[in-house]
Protein chains: 4
Amino acid sequence: MARPAGWCAEAVLSTFSTQRTLRFGDCDPSGIAYFPAYFDILNGVVEEFWIRVGFPWPALINTRRIGLPTARLESEFVKPSMFGDILVFAVELAHLGQSSLHLVHRITAGEELRWSAKQVVVATDLDTHRSRPWPEDIRGALGRFMENP
Amino acid sequence: MARPAGWCAEAVLSTFSTQRTLRFGDCDPSGIAYFPAYFDILNGVVEEFWIRVGFPWPALINTRRIGLPTARLESEFVKPSMFGDILVFAVELAHLGQSSLHLVHRITAGEELRWSAKQVVVATDLDTHRSRPWPEDIRGALGRFMENP
Amino acid sequence: MARPAGWCAEAVLSTFSTQRTLRFGDCDPSGIAYFPAYFDILNGVVEEFWIRVGFPWPALINTRRIGLPTARLESEFVKPSMFGDILVFAVELAHLGQSSLHLVHRITAGEELRWSAKQVVVATDLDTHRSRPWPEDIRGALGRFMENP
Amino acid sequence: MARPAGWCAEAVLSTFSTQRTLRFGDCDPSGIAYFPAYFDILNGVVEEFWIRVGFPWPALINTRRIGLPTARLESEFVKPSMFGDILVFAVELAHLGQSSLHLVHRITAGEELRWSAKQVVVATDLDTHRSRPWPEDIRGALGRFMENP
């Protein structure tokens, strides 16, 4: 379908967003966010994304024994964040594979991009820790999220 | 200089290595290493690398007000690690820039590659959090480490 | 003042409460909350308490150079919490000293007490890390919170 | 047995000790150790104590399904520790109950006591998360450690 002039890419992305305040314990003696703490926060944001998709992790992991480990992660830290900063995490579902999921994260404070990440998550069988195809119900929910987040 | 046949690349890399046992608190309810905990461990390994280079972070940060934040990080998680695994962290100093440092990390258990990472670290002025050139003494020590780790 | 029959102590305590969902990264390979993660969460709850009191930590720490380290902590872990549990943190300001603050924490899920803690926080001068009296404005705000939380 | 004059209590305690360097990521924006990070370190020290006793946690937890959660913890933080400090953790096995263990922790830097903790650990069945008596082999090893650490 032709896109109208002035079409705004941002508006049609399959994006979920949520907010976190950078806590004291997330920061380091140099006064800025400690990057491993950023990833701990990001992991919680991804958990929240899955609640939105309709599959909270506790049921996936404990009942269905499906794991969602990270297989690849590329991050760029553009500007430092300080203790107390309010960060908006925007999660875009960029690609849905047979047993994987590509997420693109953009973390901003106000108009300013602080950091970004591309993350590849793989569905695994928790008894073998090997990758497995998405079950149909989960694939369906992820597909619907991509079309209509 | 010509390299002899059978030359082993590994032997001449500017590599530092150290070992960590994966602790209970580093692992998650799916039974494997929690990836943000991996980065917390990695950061401690990089601190140890700097002690070897001759510039422990406490003096750099507290006295000289030089920060060493991570600007880019690319990681690939090849095989899961379990609680109790003994991991060897090999840190290669791959490139020394005007105000940056490229580290390549390979994390193995026995012969098995578990994960790897490329990390770009930038020297910053901790009062402005802006990048700054390496001071001569630090550049010199990093250069000597590259030649003769 | 005489208290009416049936007076409910709970209702008049100087209590602040907030909620946290126990995340994947807060739990350990045995499937329950990792106790150091509990304290990391608690510290964030105490930060939120201070926002309610009117003195967010970033200004206290960065601008006024007042630290609020923990001097004593007693905790009892009554029942385990699982990944995904919604926990209510109730913070009672139990005592206000010259340079200290006693907080009593009760953490519940539904009607069930999961854990509790008594915490003594001390105001310090961040340049010397020694205790110091509460400044008048902060003491006043804490006193008002005790009377009318 | 009568103890000789000048008997040194320290010398006969059932004590295990190990050392940790306080890392950058263990410290907070006020420049000192973040107390939840202290407990994360402490938990790793207790894991190391169990290796010394002869029962590494991975086998206990994964194979025998015995958990060792903390039921009580009392801590006193006497002096702040700074990034880079070398801390000695001394763990005393103070009491062995039917299904519990009392540990006393003293954490020093040089001659200076930095913090201390009393910790009650309970053996649990990981399928029910309820307390259970120590198995005979573990009780025996703990008893031998108390007599001859």
Quiz item: Which value in nm describes the separation of the simple spin-label points at residue A:64 and residue D:65, placed 7 Å from the Cα toward the beta carbon?
Solution: 2.5
Self-check item: Shape of the protein assembly as shown, Cα gyration tensor, a/c cut at 1.5
Solution: rounded
Self-check item: Rounded if a/c under 1.5, otherwise prolate or oblate - chain B, Cα gyration tensor axes
Solution: oblate
Quiz prompt | Rotation relating C and A, chain A residue nearest the axis via C-beta, angstrom | solution = A:40, 5
Quiz item: Just the accessible area for residue D:137, please: 1.4 Å probe, Å², rounded to the nearest 10?
Solution: 70
Quiz item: In square angstrom, what is the accessible area per residue of the stretch D:16-147 with a 1.4 angstrom probe?
Solution: 40
Practice problem: Quote the accessible area belonging to residue D:136 in square angstrom, nearest 10, computed with a 1.4 Å probe and with ligands, DNA and RNA left uncounted. | Solution: 140
Quiz item: Say R0 is 25 Å: what FRET efficiency, to the nearest 0.05, do residue B:78 and residue B:147 get from their beta-carbon distance?
Solution: 0.25
Exercise. Mind putting a number on the dipole of the protein assembly as shown about its Cα centre? Charges go on the C-beta only, +1 for Lys and Arg and -1 for Asp and Glu, and I need it in Debye to the nearest 20.
Key: 0
Quiz item: Using 1/(1 + (r/R0)^6) with R0 = 41 angstrom and r between the beta carbons of residue C:52 and residue B:109, what's the FRET efficiency to the nearest 0.05?
Solution: 0.30
Quiz prompt | Residue-averaged [θ]222 nm for chain B, counting only DSSP H segments that reach four residues, each worth -39500 (n - 2.57) | solution = -7000 deg cm²/dmol
Practice problem: Quickly work out the residue B:118-to-residue B:19 label distance, labels modelled 7 Å from Cα along the C-beta direction, and quote it in nm with one decimal. | Solution: 3.0
Self-check item: Residues of type lysines that residue B:118 reaches as a straight line, Cα spacing below 20 Å, ignoring anything fewer than 8 places off in the same chain
Solution: A:79, A:118, B:79
Practice problem: Would you please state which residues of the stretch A:65-108 a label at residue B:100 would reach in this model, taking the label point 7 Å out along Cα→Cβ and a backbone N cut-off of under 16 Å? | Solution: A:74-80
Self-check item: Estimated FRET transfer efficiency (residue A:128, residue A:86; beta-carbon r; R0 45 Å; 0.05)
Solution: 0.65
Quiz item: Which distances, in nm and shortest first, link the residue D:97 label point to the same label point in every other copy, taking 7 Å along Cα→Cβ?
Solution: 2.8, 5.1, 5.7
Quiz prompt | Distances in nm from residue C:148 to the matching label points in the other copies, shortest first (labels 7 Å along Cα to Cβ) | solution = 4.9, 7.0, 7.4
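The values are calculated or read from the model by the stated rules, or taken from the named source; none is laboratory data. Since the model is a prediction, treat every value here as computed from it, not as a measurement. Reconstructed Cβ throughout: ideal geometry from the backbone, glycine too, with neighbour counts over all protein chains shown. These accessible areas exclude ligands, DNA and RNA; they are computed on the full protein's heavy atoms, side chains included. Shrake-Rupley method; radii C 1.70, N 1.55, O 1.52, S 1.80 Å.
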